[in-house]
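What follows is a set of notes on a single structure, which appears directly below.
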Amino acid sequence: GRGVMSVHVFMTGDHSPTASTGWHQDPEDTLLLMLEGSKEFQVAGQEWGSEVVISTRLNAGEALFLPGGTYHIPGGGQPEASIMMGFKLLDAPLSRRQAAARAAAERG
């Protein structure tokens with residue numbers, strides 16, 4: 001399995017702007033879990049200005065996986081109180097063979 005590098009909690013009030021971060025990308029794979037309320041998300045590709053490929057409303061109990069480097073924007077629509085957790089995931093662990101090959105390559 002994959003480990004978790006960090007966990008972030010995002011809270012939005014009833015009258016708060018829903019798109020507080022604007023379009024952005026995170027370098028790590030991220031798993032978003034909506035705990036309470038709901039929030040709209042748009043997800044594009046890995047190039048700035050890429051076409052939106054996912055437009056969805058994440059409701060309580062639902063999750064959304066974002067590959068590292070994928071442009072996305074949370075929010076839009078009517079303001080609604082929500083609580084969401086974001087799990088930044090570590091890279092998949094290397095097998096012993098992969099780790100040995102990487103170490104050998106780094107030694108030159």
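Hey, any hits in segment 41-57 for a residue that's modelled with pLDDT under 90 and farther than 24 Å from Leu90 by Cβ? No, because not a single residue in segment 41-57 is modelled with pLDDT under 90 and farther than 24 Å from Leu90 by Cβ. Pick from segment 12-38 the residues that are of a type in the set (S, T, N, Q) and assigned to a strand (DSSP E or B): which of them is modelled with the lowest pLDDT? Top of the filtered list is Thr12. If the condition is being in a loop (DSSP other than H, G, I, E, B) and buried (at least 18 other Cβ atoms within 10 Å of the Cβ), then segment 53-79 contributes Thr70, Tyr71, Gly75. Can you name the number of the only condition in (1) open to solvent by 30 Å² or more (accessible area, probe 1.4 Å); (2) on the phi > 0 side of the Ramachandran plot that Pro27 fails? Checking Pro27 against (1) open to solvent by 30 Å² or more (accessible area, probe 1.4 Å); (2) on the phi > 0 side of the Ramachandran plot, the one that fails is (2). Restricted to segment 30-52, and to residues there that are touching a Lys or Arg at 6+ places or on another chain (Cβ under 9 Å) and of a type in the set (D, E, K, R), the residue that is least open to solvent (accessible area, probe 1.4 Å) is Lys39.
The values are calculated or read from the model by the stated rules, or taken from the named source; none is laboratory data. Predicted, not measured: the structure shown is a model, and the values here were computed from it. Positions of Cβ are generated from backbone atoms using ideal geometry, with glycine treated the same way; all protein chains shown enter the neighbour counts. All accessible areas refer to the heavy atoms of the entire protein, side chains included, with ligands and DNA or RNA removed. Shrake-Rupley method; radii C 1.70, N 1.55, O 1.52, S 1.80 Å.
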